[in-house]
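Contents: one structure, followed by commentary.
The values are calculated or read from the model by the stated rules, or taken from the named source; none is laboratory data. Computed from a prediction, not measured in an experiment: that's the story for all the values here. When we count neighbours, we look across all protein chains shown, and the Cβ atoms used for this are built from the backbone with ideal geometry, even at glycine.
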Amino acid sequence: MATNTANAPIANAGKFFIGGEWVEPTTDNKINVIEAATEKLFYSVAEGQAADVERAVEAARRAFDEGPWPRMPPRRRAEFLRAMARGLERRVDDMVEIWPRESGVIASIVPAVLSEVPAAFDYYADLAETYPFEQEARTSSGEGFGMIVAEPVGVVGAIIPWNTPMGLIAFKLAPALAAGCTVVIKGSPEAPGAAYIVAEVAEEIGLPPGVVNVLTADREASEALVTDRRVDKVAFTGSTAVGKHIAGILADRIGRYTLELGGKSAAVILDDMDMTEAADSLSGGACFVSGQICASLTRIIVPKHRHDEFVDAITDCFSRIKVGNPYDATVNMGPLATSRQRDRVEGYIEIGTREGARLAHGGGRPKGLDRGWFVEPTVFANVDNRSRLAQEEIFGPVLSVIPAASDEDAIRVANDSRFGLNASVFTNDADRARAIARRLQAGTVGQNGNRADFGIGFGGFKESGFGREGGLAGLLPYLENKTVVLDRRPTLDSEGQPLP
């Protein structure tokens with residue numbers, strides 16, 4: 001496992017990938033990417049301005065309106081998707097060099113986690129070959145020949161966050177390409193490496209010019225992507241506040257969007273569950289990417305009479321978590337991604353203390369780590385579900401343990417949130433888990449752990465988002481259904497071949 005490199009393994013960090021070429025930015029402005037564990041400069045990328053975004057949108061618009069991609073047979077698009085999968089497989093070692101430094105994820109788990117990326121492109125390649133993009137439909141009058149044609153929605157703006165960028169690119173880009181859309185990927189200023197690797201692979205496999213365009217920009221230039229009327233759909237992952245802002249802009253033109261937003265996900269532990277087993281599962285999940293995961297199970301709802309038992313168990317688990325450099329094979333949790341994020345987490349730890357919750361473990365910075373944005377995994381006990389600690393997304397390794405008087409009370413507490421992204425029911429009884437799962441207001445509910453599954457479909461209820469990513473449900477937002485009614489059944493298919 002590599003431990004240090006002077007620069008990121010990216011060939012064109014000072015340029016943007018637009019219209020199938022690496023182009024110079026309109027200004028000399030740079031974005032510095034700082035290594036989370038050392039606070040040292042890792043590398044720099046060009047900072048996109050509104051003019052650069054406009055150029056990328058123009059290339060994507062031209063590729064959609066005039067290029068071959070939307071009119072290409074889906075089976076041919078599938079070939080490109082499979083080539084994309086193989087190309088990204090070859091870049092896993094590069095992501096091992098990049099992702100831990102940008103976001104704090106433990107380097108040893110990166111290859112396994114990133115295995116979902118080529119799998120996503122292969123899945124949507126399969127779907128491109130099998131999905132019924134044209135279906136016969138009976139007309140209401142019974143006369144003529146009716147068809148439902150699923151056509152690509154158009155130009156897509158994909159706005160990527162910093163925590164798990166490669167996976168989130170894959171579950172936007174792969175279905176968009178399968179549908180026949182063209183895409184502008186806006187990389188995160190904190191973690192742009194994955195977007196650049198995707199651009200390099202797109203160039204390598206010979207995607208038609210303008211089908212995939214990549215640049216990195218901060219908020220002002222990113223808004224230019226949302227406000228541009230040539231962009232038909234925005235796919236965004238990030239905070240609920242920004243998601244609401246994007247939805248408001250797109251409402252003006254009835255623009256399409258998929259929003260994967262924040263969460264404050266509940267783990268409901270039932271009275272038959274072994275508390276040590278539950279604590280082991282929840283502590284591991286809390287430390288993945290240092291808790292910087294929207295689907296993290298951070299509200300732990302336990303039977304009141306077993307509250308202290310669980311707090312002791314989770315405290316024991318957290319006491320054995322080693323925090324440190326993500327390239328150290330003995331480390332269990334790395335740093336937070338930015339100093340701003342650590343300030344946020346520490347601010348909420350202070351809020352929790354002021355609100356009267358009991359700090360059972362952590363709450364500070366690990367000893368001996370004077371550089372880097374590290375924080376201890378933290379547990380609060382006897383948390384009031386009405387408190388800010390229990391209601392607001394922290395995006396860090398901070399768990400709130402909330403006592404419940406009964407199963408009914410636990411369900412009430414779990415649903416008493418403006419979020420509804422993920423949830424879990426901890427019990428050995430699958431029937432009991434299923435019954436409670438049906439009553440929890442969340443986009444995913446798993447048994448005995450975080451079972452979020454992009455292969456089936458991922459997204460939230462309430463303020464946790466709109467639409468789904470992954471699975472068949474993840475393809476549909478990139479398609480528009482068109483009704484076609486003809487006088488008689490055609491004799492040729494969409495590729496000009498005789499129909500049987």
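Look at ARG432 and say whether it is modelled with pLDDT of 95 or more, of a type in the set (Lys, Arg) and under 16 Å from the mean Cα position of the chain (by Cα). Spelling it out, it is not the case that ARG432 is modelled with pLDDT of 95 or more, of a type in the set (Lys, Arg) and under 16 Å from the mean Cα position of the chain (by Cα). Consider the range 358-379 and keep the residues that are under 28 Å from the mean Cα position of the chain (by Cα) and not in a loop (DSSP other than H, G, I, E, B). The one that is farthest from ILE321 (Cα to Cα) is VAL379. State whether one or more residues within the range 211-229 are in contact with an Asp or Glu (Cβ under 6 Å, 6 or more places away or on another chain) and either in the same structural domain as TYR478 (by TED's automatic domain parsing) or among the aromatic types (Phe, Trp, Tyr) (or both). Yes: the range 211-229 contains one or more residues that are in contact with an Asp or Glu (Cβ under 6 Å, 6 or more places away or on another chain) and either in the same structural domain as TYR478 (by TED's automatic domain parsing) or among the aromatic types (Phe, Trp, Tyr) (or both).
Against the list (1) closer than 30 Å to HIS307 by Cβ; (2) in contact (Cβ under 8 Å) with a residue 40 or more places away in the chain; (3) touching an Asp or Glu at 6+ places or on another chain (Cβ under 8 Å), the condition MET275 fails is (2). Among the residues of this structure, SER265 does not count as one that is on the phi > 0 side of the Ramachandran plot and modelled with pLDDT of 95 or more. Name the single residue, out of those in the range 218-237 being touching a Leu at 6+ places or on another chain (Cβ under 8 Å) and either surrounded by fewer than 21 Cβ atoms within 10 Å (Cβ to Cβ) or among the hydrophobic types (A, V, I, L, M, F, W, C) (or both), that is farthest from THR164 (Cα to Cα). Among residues in the range 218-237 that are touching a Leu at 6+ places or on another chain (Cβ under 8 Å) and either surrounded by fewer than 21 Cβ atoms within 10 Å (Cβ to Cβ) or among the hydrophobic types (A, V, I, L, M, F, W, C) (or both), the one farthest from THR164 (Cα to Cα) is VAL231. Working only within the range 266-281, note down all residues that are crowded, with 24+ Cβ neighbours inside 10 Å and β-branched (Val, Ile, Thr). Passing the criteria: VAL268, ILE269. If the condition is being in contact with a strand residue (DSSP E or B) (Cβ under 8 Å, 6 or more places away or on another chain), outside any strand (DSSP E or B) and not small (Gly, Ala, Ser), then the range 385-406 contributes ASN385, LEU389, GLU393, ILE394, PRO397. Looking at the range 223-308, the strands (runs of 3 or more DSSP E) lying wholly inside it that each contain 1 or more residues that are within 30 Å of ASN481 (Cα to Cα) sit at 233-237, 256-260. For beta carbons closer than 9 Å, sequence separation of 6+ or different chains, a first residue in the range 36-48 that is under 20 Å from VAL323 (Cβ atoms) and touching a residue at least 12 places away in the same chain (Cβ under 8 Å) and a second that is of a type in the set (Ser, Thr, Tyr) and surrounded by 15 or more Cβ atoms within 10 Å (Cβ to Cβ), the qualifying pairs are ALA36/SER103; ALA36/SER290; ALA36/THR338; ALA37/TYR327. Looking only at residues of the range 16-72 that are in a helix (DSSP H, G or I) and in contact with a Lys or Arg (Cβ under 6 Å, 6 or more places away or on another chain), we find that the one that is nearest to VAL289 (Cα to Cα) is VAL57. For the range 30-46, a residue qualifies if it is among the small types (Gly, Ala, Ser) and either outside the structural domain of SER103 (by TED's automatic domain parsing) or in contact with a strand residue (DSSP E or B) (Cβ under 6 Å, 6 or more places away or on another chain) (or both), and exactly one does: SER44.
When the range 139-172 is filtered for residues that are acidic (Asp, Glu) and over 30 Å from GLU223 (Cβ atoms), only GLU143 remains.
Within the range 139-166, residues that are under 23 Å from ALA202 (Cβ atoms) sit with their Cβ atoms under 9 Å from residues that are small (Gly, Ala, Ser) and surrounded by fewer than 18 Cβ atoms within 10 Å (Cβ to Cβ), at 6+ positions apart or across chains, in these pairs: PRO161/SER239. Filtered by the rule that a residue be in contact with a strand residue (DSSP E or B) (Cβ under 9 Å, 6 or more places away or on another chain), crowded, with 18+ Cβ neighbours inside 10 Å and either of a type outside the set (A, V, I, L, M, F, W, C) or free of Cβ contacts under 8 Å to residues at least 24 places away in the same chain (or both), the range 282-305 gives SER283, GLY285, SER290, GLY291, SER296, THR298, ARG299, PRO303.
The residues of the range 50-70 that are more than 21 Å from LEU215 (Cβ to Cβ) and in contact (Cβ under 8 Å) with a residue 60 or more places away in the chain, listed by number, are PRO68, PRO70. Taken over the range 324-378, residues that are basic (Lys, Arg) and either assigned by TED's automatic domain parsing to the domain that holds ALA107 or under 15 Å from ILE34 (Cβ atoms) (or both) amount to 3.
Summed over the range 189-204, residues that are part of a loop (DSSP other than H, G, I, E, B) and among the hydrophobic types (A, V, I, L, M, F, W, C) total 1. Taken over the range 97-122, the criterion of being in contact (Cβ under 8 Å) with a residue 60 or more places away in the chain, surrounded by fewer than 21 Cβ atoms within 10 Å (Cβ to Cβ) and touching a helix residue (DSSP H, G or I) at 6+ places or on another chain (Cβ under 7 Å) is satisfied by GLU116 alone.
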